[in-house]
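One structure is given below, encoded as structure tokens.
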Amino acid sequence: MAAKTHRTAAHPAVLTTRALNRATLDRQLLLRRSAMSARDAVAHLVGLQAQNTRPPYFQLYARLAEFDPGELSRLMESREVVRIVTLRSTLHTHTADDALTLRPLVQAARDRELKAFRHGLTGVDLDRLAAVSRELVEERPRPVKELREELLGRWPEADPLALTVAARCLLPLVQVTPRGLWERGGQVALTTAEHWLGRPSEPVPAPDATVLRYLNAFGPASVKDMQRWAGLTRLREVFDRLRPQLLTFRDERGTELFDLPDAPRPDPDTPAPPRFLPEFDNVLLGHDDRSRLIAEVNRGRNGVGNQSYGTVLVDGFFEAVWRVEREGDTATLTVQPLRTLRRGERAEVTEEAVRMLTVMTDAASYDVRFGMFLDFGD
């Protein structure tokens with residue numbers, strides 16, 4: 001192993017876009033569905049993007065062989081997983097352990113975010129704001145509107161939005177159930193992770209272990225890839241510190257990539273079945289250079305601004321968008337391709353669409369339609 005590491009460090013092999021695609025799909029449990037439990041999958045993937053409530057369920061459906069949406073709901077109700085703002089200042093579904101460690105790790109990014117609202121916090125003692133906010137949400141989970149009104153009553157000259165953003169940045173706030181439960185849900189109500197989970201947050205950890213976990217789930221990857229995924233900066237020194245235990249490669253553009261020595265890097269010609277991903281799936285957001293999944297011609301076509309569409313992977317790459325509509329007892333899934341799908345591809349996409357509708361809806365009947373080729377223009 002040492003000789004192999006030395007050889008790749010001296011003459012790093014070039015990984016093609018297709019090779020990176022297959023490696024990433026394998027790490028992401030998208031090349032073949034896994035027998036993992038939902039909890040183990042959430043941990044392996046280092047969290048699920050949860051900006052909306054339903055995507056975490058569809059992320060797990062796409063990856064797990066025997067996924068039942070109720071499994072994730074039960075984990076949320078038992079407080080084994082939680083919804084909390086972490087990576088990229090975005091809501092994620094994390095295991096309880098990760099909520100208590102990743103949030104401290106990304107606190108520096110929350111501090112930077114807070115600075116953007118400083119003009120709305122003139123005269124506000126942030127330590128006092130944190131203490132008051134903690135007291136309020138630990139007394140009982142508070143809806144956002146109620147928390148804002150309580151804080152505004154103490155600092156009437158402050159900007160209301162800035163007050164609630166500051167509370168979120170200063171404290172590890174989780175969204176409590178029933179928010180986020182499958183086919184139930186509820187308004188956003190907040191308390192601290194420590195209060196909800198019954199144990200304190202961990203001290204700020206060294207990022208080394210998280211770098212290794214990121215590579216295990218998203219690698220091979222560059223320093224900038226991980227920085228974009230985590231919303232952190234200055235990780236070059238961490239990768240350099242870990243370099244002796246990592247392999248290095250180059251992509252076709254010459255960017256240095258790092259990877260775990262024993263991580264899977266499948267043959268680029270390994271078949272990749274179609275997968276329906278929800279909006280904001282982390283595999284689509286987990287790299288600075290997203291060409292391993294999204295060709296340059298399709299960049300930006302899975303969303304405009306904060307609006308994102310469901311993504312269909314065909315032969316491992318983003319080739320269509322999708323949506324489900326319900327009318328009575330019938331669920332209709334419409335696929336809108338970005339190119340003409342071959343007959344075999346269309347049949348495979350249809351088969352996967354029916355499987356998803358069977359598992360993820362309680363409709364009595366299903367209809368799969370292919371819409372017009374999407375031309376977004378120039």
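The values are calculated or read from the model by the stated rules, or taken from the named source; none is laboratory data. Treat the numbers as computed from the prediction; the structure is a model and nothing was measured. Heads up, the Cβs are rebuilt from the backbone with ideal geometry, glycines too, and the neighbour counts pull from every protein chain shown. With ligands, DNA and RNA removed, areas are computed over all heavy atoms of the protein, side chains included. Shrake-Rupley method; radii C 1.70, N 1.55, O 1.52, S 1.80 Å.
Numbers at a glance
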quantity: Tensor-based shape of the range 90-140 (alpha-carbon gyration tensor, a/c under 1.5 rounded, otherwise prolate or oblate); calculated: oblate
quantity: Shape category assigned to the range 319-378 from the gyration tensor of Cα positions, a/c cut at 1.5; calculated: oblate
quantity: M36 long-range amide H proximity, modeled H, under 5 Å; calculated: A65
quantity: Karplus-derived 3J(HN,Hα), 6.51/-1.76/1.60, for each residue of the range 194-206, Hz, glycine and proline x; calculated: 4, 5, 5, 9, x, 7, x, 5, 7, x, 4, x, 5
quantity: Using θ = phi - 60° and Karplus 6.51 cos²θ - 1.76 cosθ + 1.60, couplings along the range 51-61 (whole Hz; Gly, Pro as x); calculated: 4, 10, 7, 7, x, x, 5, 6, 4, 6, 4
quantity: For peptides 113-126, 217-230, 143-156, sequence by mean Cβ density within 10 Å, most packed first; calculated: 217-230, 143-156, 113-126
quantity: Assigned charges on the beta-carbon of Lys, Arg, Asp, Glu; the range 44-163 dipole about Cα centre (debye); calculated: 340 debye
quantity: Test item: Cα-centred dipole of the range 153-200, Lys/Arg +1 and Asp/Glu -1 on Cβ, debye; calculated: 160 debye
quantity: Shape category assigned to the range 182-288 from the gyration tensor of Cα positions, a/c cut at 1.5; calculated: oblate
quantity: Dipole of the range 154-255 [Lys/Arg +1, Asp/Glu -1 at C-beta], most positive-end residue of A162, L212, L173; calculated: L212
quantity: Protection-proxy order for peptides 233-240, 291-298, each taking the mean of Cβ atoms within 10 Å per residue, highest first; calculated: 291-298, 233-240
quantity: Long-range amide H partners of S222 with built H, under 5 Å; calculated: F258
quantity: For the range 248-318 versus the range 96-175, the gap between their alpha-carbon centres in whole angstrom; calculated: 34 Å
quantity: Solvent exposure of the chain as accessible area per residue, Å², 1.4 Å probe; calculated: 46 Å²
quantity: Mean Cβ count within 10 Å, highest first, over the residues of peptides 363-370, 185-192; calculated: 185-192, 363-370
quantity: Under Karplus coefficients 6.51, -1.76 and 1.60, residue-wise ³J(HN,Hα) of the range 155-160 in Hz, glycine/proline x; calculated: 10, x, 8, 7, 6, x
quantity: Chain lengthening between D362 and S78 when straightened (0.36 nm per residue, less Cα-Cα); calculated: 99.8 nm
quantity: Lys, Arg +1 and Asp, Glu -1 on Cβ, resulting dipole of the range 271-358 about Cα centre, debye, nearest 20; calculated: 200 debye
quantity: Within-12-Å neighbourhood charge of V359 [Cβ basis; K, R +1; D, E -1]; calculated: -3
